[in-house]
Amino acid sequence: MKSAIILLTFLLLFSTESVYSQSGWKWISPYPHGNTIYSIAPSGNCTYFLASMSTLSVSRDTGNTVDNLVTYSKTSTATGRQQSLAFLDSLNGFLIDPLNGEFRTTDAGRSWKQTLRTEYFAVTFADSKTGWEIGSTGIAGATNIVKTTDGGVSWFQQNITSWPSDEYLNGIYVLDSLNVWITSSNFNHRIGSLYHSSDGGKSWSVQATGLSADTSKQMHLSTPRINKSGLGILIASVYVPNNPDSRYGRSIILRTENSGKTWAAVDSSVEGNLSNVISVNDSIWIIQGNGENDNNMTVQYRSTDFGKTFSGGNILTPGNSNNFFSASAYNPRQKVLFLSTYNELFRSLDLGITYSSVSSEKSLECFDFSLDNSVSDKQLAAAVSNRKDRFLLSHDGGRTWQMKPLSIPNEDTGWMKGVQVSGGTICVFTTEYIYTYNDNGELRSYFYFPSRPSIFPSAYSGQNYLVLTDTYSSEIGYKPEMRYTNDGGKYWDEVPIPPNYKFNSVKLIGPKEIIGCGSCNDSSGNNGFIFASSNGGADWRIIRTKEAFRDICMVTGSFGYGFSEKKIYTTEDNWRTIKASYYLNSSEIIEALNFPDSAHGIMRTYKCFYETFDMGKSWHQSGIDMPMFGNIRKMLYNNQGDFLVLGYNGFIMKLSEKTSQNSAGQNDNIHKMSYELFQNYPNPFNPVTQISFSLYEKGSVELKVYDVLGREVKTLLNEVKDAGTYSVPFNASELPSGIYISRLKAGSEVMVRKMLLLK
């Protein structure tokens, strides 16, 4: 069973990989942005950054710019141990995801292929041929260590003799092809072990650290750093189980001058939970970690005397993004030091004395994004997140970003709801305020909603904005209100709307043209509605719909698309008449639908994207199905013809080339709406059977039964029916055995089925 799962994973990866190469999708927002950075790997003049969400980026100029690489496809979305990254040379590298196995690149990380190797969490190489991988645990007195001497083509097992059954592999450090160190952790109130091999892993010896065992504490050893001169630093983290005051631990710095044969504690006053050691050169050593308690501090201690003494402390200001997480890396060719926190990347150009951020976004959950379609030369864009005090501004269509303060008159502004950019004006919506800014992010005006409503913004131009609010009270429940401005948000007029309607979407499609949709309770069985107004809401035209529409996309003044959870609808006369065209035949739910013109459109579901090139007559699955796309929040087109998608953690992707139309065709999961006459059941029958049929729109229906000579036997139905599925009984107790024909006429279509009566 396990081999079958691995094989299936292998096949899925290659099918996904081929899609990437043809789809034309790429990231346009910089990394890291809201991801957890797991590993940093210097390789020649490049530095690679591996983060969560299957993301990989590379800097070729000391972090001034970061190129985003499409990496491997994760088959499991669960959270596991840290991922590991190692490069043999400028082209060849290995990547390990503990839950998904090993991946290899031969083109500097531009593409990755999965191997059939699993159950490892760290990879490291001494040179282009010799490397090691270690597994996540020791197994009943054995170890999970493998070695390669041919650049990862083949691997063979290496074991440490007399391995304690209660120890777990913790980290591996390789100095050269012969000298390797491995640390372990022990959770039974003992000290972890430090193992050394001087013959490439053939034999191992335990190196004494000089630490005393204490049954009341746990001591975990970090991965050591030892240079060719024999100088080395090892960190021991001390924890007191079940003691909340010491859950963040403290650290002991150990130093060696003889390649780990003996260790001595460094007499230095350090605070915090240290975990990472960097050897810049023989004299300069850097140790990093987190501050004591839960203060979200990144601490660093620096030595300039060959590791004999350390001094330092907090190097980054408090903040959710500034808690040290994974590792730092020193690239000797670039002479730059990189330090990663939970969601941000920093660099030092002075060997760790000062750091500056090279990330464009900090700890963001981007949930709304807007691109100015009216000013093509500026390509102004803005995005908002869960950060209440700032928003993101871009002047190049989202390729680079600036963090802008919200510049608010009152700190209690509620929560971010959305952003709209049009005509050089930026409009930021919160649950209490609406703020308008110029194209440099400077505050123009603001409007206050004292009732703290839920705000659903929609914009048409730089001066015309429409806002739908949904205020809740225990007396009347939800009360929708609509406000409109034509002066950039300085003054807002209330738009009258009928009561007892729940809006799902509202849009300005012209200076005073409003269209909205949602749900309502109707005694006639209509559960949805469409509102249309051509005079700013002074008068409304209400269209009742069988289902509640989730959103509407107008392509021209009269032609548009709408969708419910499972169906796509079209109109050619601005919703005076509605026709259902497609439905989803799966567990998927339609999330968004966008048409830049009447022919080309993209639909997003929870699982994937669908694309059409023929006005919605046929659909095919677009080649961008990745696990993270279940978190996509919005999609839109810019005025350059690019299709953009926006997701959590600041993910912004762009499709510059349309998916090949050669692959277009009917997809198994999306089906054209049609009339259908089903086979009667039971069949054969005696003497009663059920005849079922399906209608995709309201109309006249005629259902009759004929004998084999074409003579009419019985009329079962002749009336107007709403869209839906129906079942009609046919009683043949007065008819002889034989073959009969059921005939359904609906609209312009006629369908027949054979039935067999056996008595």
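Quick notes
- Where Ala382 falls short, out of the listed (1) at pLDDT 70 or above; (2) touching a Lys or Arg at 6+ places or on another chain (Cβ under 7 Å); (3) of a type outside the set (S, T, N, Q): (2)
- Taking the numbered list (1) in contact (Cβ under 8 Å) with a residue 24 or more places away in the chain; (2) within 30 Å of Ile568 (Cα to Cα) in turn, Lys704 passes all entries but (2).
- Elements of type strands (runs of 3 or more DSSP E) contained in segment 19-127, each with 2 or more residues being at pLDDT below 75 and not assigned by TED's automatic domain parsing to the domain that holds Ser394: 25-27, 67-70
- Of everything listed in (1) surrounded by 13 or more Cβ atoms within 10 Å (Cβ to Cβ); (2) among the polar types (S, T, N, Q); (3) at pLDDT 90 or above, the single unmet condition for Thr209 is (3).
- Looking across segment 723-759, the residues that are modelled with pLDDT under 90 and in contact with a Gly (Cβ under 8 Å, 6 or more places away or on another chain) come down to Ala746, Gly747.
- If the condition is being of a type in the set (D, E, K, R), crowded, with 18+ Cβ neighbours inside 10 Å and assigned to a strand (DSSP E or B), then segment 512-568 contributes Asp551, Lys567.
- Per the conditions (1) surrounded by fewer than 21 Cβ atoms within 10 Å (Cβ to Cβ); (2) in a loop (DSSP other than H, G, I, E, B); (3) of a type in the set (Val, Ile, Thr), the sole criterion not satisfied by Ile160 is (1).
- Residues of segment 544-571 satisfying the condition of being modelled with pLDDT of 85 or more, over 15 Å from Tyr696 (Cα atoms) and β-branched (Val, Ile, Thr): Ile552
- Scanning segment 687-706 for residues that are of a type in the set (D, E, K, R) and at pLDDT 90 or above yields a count of 2.
- All of Lys507, Lys479 fail the test of being over 17 Å from Tyr448 (Cα atoms), touching a Ser or Thr at 6+ places or on another chain (Cβ under 6 Å), in a strand (DSSP E or B) and at pLDDT 80 or above, apart from Lys507.
The values are calculated or read from the model by the stated rules, or taken from the named source; none is laboratory data. Quantities reported herein were computed from a predicted structural model and do not represent experimental measurements. Using ideal geometry, Cβ is built from the backbone for each residue, glycine included, and neighbour counts are taken over all protein chains shown.
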